[in-house]
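Novice: Starting off with a structure, shown below.
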Amino acid sequence: MTTYVAFLRAINVGGHAVVKMIDLRDAFTTAGCKNVRSLIASGNMLFEAPAGSTEVLVRRIQGKLSALMGEAPVLFLRTMREMERLVASAPFKKFEAKPRVKLYVAFLSQKPRQRPRFPLRSAPEALEVIEMKNREAFIVSGKKKNGLSGFPNLFIEKQLGVAATSRNWSTIKKIVLAAAP
């Protein structure tokens, strides 16, 4: 069995696609996943499934989610091994101690057709994409003129031309910690 993390895009954010975590857990279970649990109530699911084609697994899960929600949300699947390596790589080591910044990982549906030059910046959104490894982009978010932090997802999708979902770096570390035996 392989341990996976599924990141569902736009679940329980701003009143959009509100779904109970127990219902998500049940959908994953009926799709054949084992030891399913939700993490942080915003579309982060930890589960086990037989090793094999992740595309088949994603299609099975999306079918169950579609029945639950009326349409399947975009689903980003990573193995726990990939997540552990991501955290161990410490992509934000230069930024973690800086005050007034938020750190995000954008999970990409696929690698972009063309690799852009980094860093990518959005002054209005106070975002800087510092690098990309595999199917993850790493973003530092400062404060915008209105005092709020920029949120990177739309910027990432526009710049890289692929679907994405973003999570706070602290959430990623909590997920990896929660999966530890």
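The values are calculated or read from the model by the stated rules, or taken from the named source; none is laboratory data. What you see is a predicted model; the values in this text were computed from it and never measured. Counting neighbours? That spans all protein chains shown, and the Cβs are built from the backbone with ideal geometry, glycine included.
Novice: When the residues of region 22-43 are filtered to those that are at pLDDT 85 or above and closer than 18 Å to S170 by Cα, which remaining residue is surrounded by the fewest Cβ atoms within 10 Å (Cβ to Cβ)?
Specialist: Ranking the qualifying residues of region 22-43, first place goes to L39.
Novice: Report, by residue number, each residue of region 131-181 that is touching a Pro at 6+ places or on another chain (Cβ under 6 Å) and either buried (at least 16 other Cβ atoms within 10 Å of the Cβ) or assigned to a strand (DSSP E or B) (or both).
Specialist: The answer is F138, I139, L160, V162, S166.
Novice: Give me a count of the residues in region 2-21 that are on the phi < 0 side of the Ramachandran plot, surrounded by fewer than 20 Cβ atoms within 10 Å (Cβ to Cβ), at pLDDT below 90 and not basic (K, R).
Specialist: Residues that pass the stated criteria total 5.
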